[in-house]
Ligand SMILES: Cc1cc2nc3c(=O)[nH]c(=O)nc-3n(C[C@H](O)[C@H](O)[C@H](O)COP(=O)(O)O)c2cc1C
């Protein structure tokens, strides 16, 4: 299985990238395969050079190929202006509309307020609906307060509390 850990963060360090990595690590414990990571802080400057897929350079084509070749995508974004990041949207504007059909997608986001958690349901999930991808019903949303130094607090199954790692 090709697992893609895709994070829409546009700066580092990033809570979103940490959350997506944690989800990928957990998934990797259950599914055998290879994990590839893409962070928009690195990918976006390459992709913004192309407004259409036919304008992508070699590096940009490799980024889009990684998205289109993944079997499972963990797609995370910071909430920006009550939506997912524009950098993440630009990446998906360059993905072939047929390429994600039937693929499994895990949705994740980080934000400053719990009021914007539904961004996942009202904006990120419909994006993958357009692609006919299969989004996992439960989405992951974490607040700034759920992190210490941009690393997520760990959920302790026994005490059922969030703890610093
Ligand atoms: C430009 C900007 C816009 C933001 N807009 C929102 C917002 O609309 N709603 C929200 O809950 N948080 C908002 N935030 C807070 C970020 O979503 C939050 O800090 C997030 O964890 C940042 O992720 P990162 O560490 O991966 O960059 C915004 C932050 C920035 C810098």
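In the set (1) touching a helix residue (DSSP H, G or I) at 6+ places or on another chain (Cβ under 8 Å); (2) closer than 25 Å to residue 122 by Cβ; (3) part of a helix (DSSP H, G or I), the condition left unmet by residue 64 is number (2).
Screening the stretch 1-51 for residues that are within 15 Å of the ligand (Cβ to nearest atom) and free of Cβ contacts under 8 Å to residues at least 24 places away in the same chain and picking the one that is surrounded by the most Cβ atoms within 10 Å (Cβ to Cβ) gives 21. Which one of 129, 69 is farther than 22 Å from residue 12 by Cα, surrounded by fewer than 17 Cβ atoms within 10 Å (Cβ to Cβ) and touching a residue at least 60 places away in the same chain (Cβ under 8 Å)? Going through 129, 69 in turn, the sole match is 69. Taken together, the residues in the stretch 127-165 that are within 15 Å of the ligand (Cβ to nearest atom) and part of a strand (DSSP E or B) amount to 8. Across the stretch 81-110, the number of residues qualifying as assigned to a strand (DSSP E or B) and either touching a helix residue (DSSP H, G or I) at 6+ places or on another chain (Cβ under 7 Å) or on the phi > 0 side of the Ramachandran plot (or both) comes to 7. Within the stretch 82-126, being touching a residue at least 60 places away in the same chain (Cβ under 8 Å), in contact with a strand residue (DSSP E or B) (Cβ under 6 Å, 6 or more places away or on another chain) and within 13 Å of the ligand (Cβ to nearest atom) holds for 84, 85, 88, 108, 109, 110.
Any read-out appearing in this document is the output of simple, stated calculations on the displayed coordinates, not a laboratory observation. Note that this is a predicted model, so its numbers are computed, not measured. Using ideal geometry, Cβ is built from the backbone for each residue, glycine included, and neighbour counts are taken over all protein chains shown.
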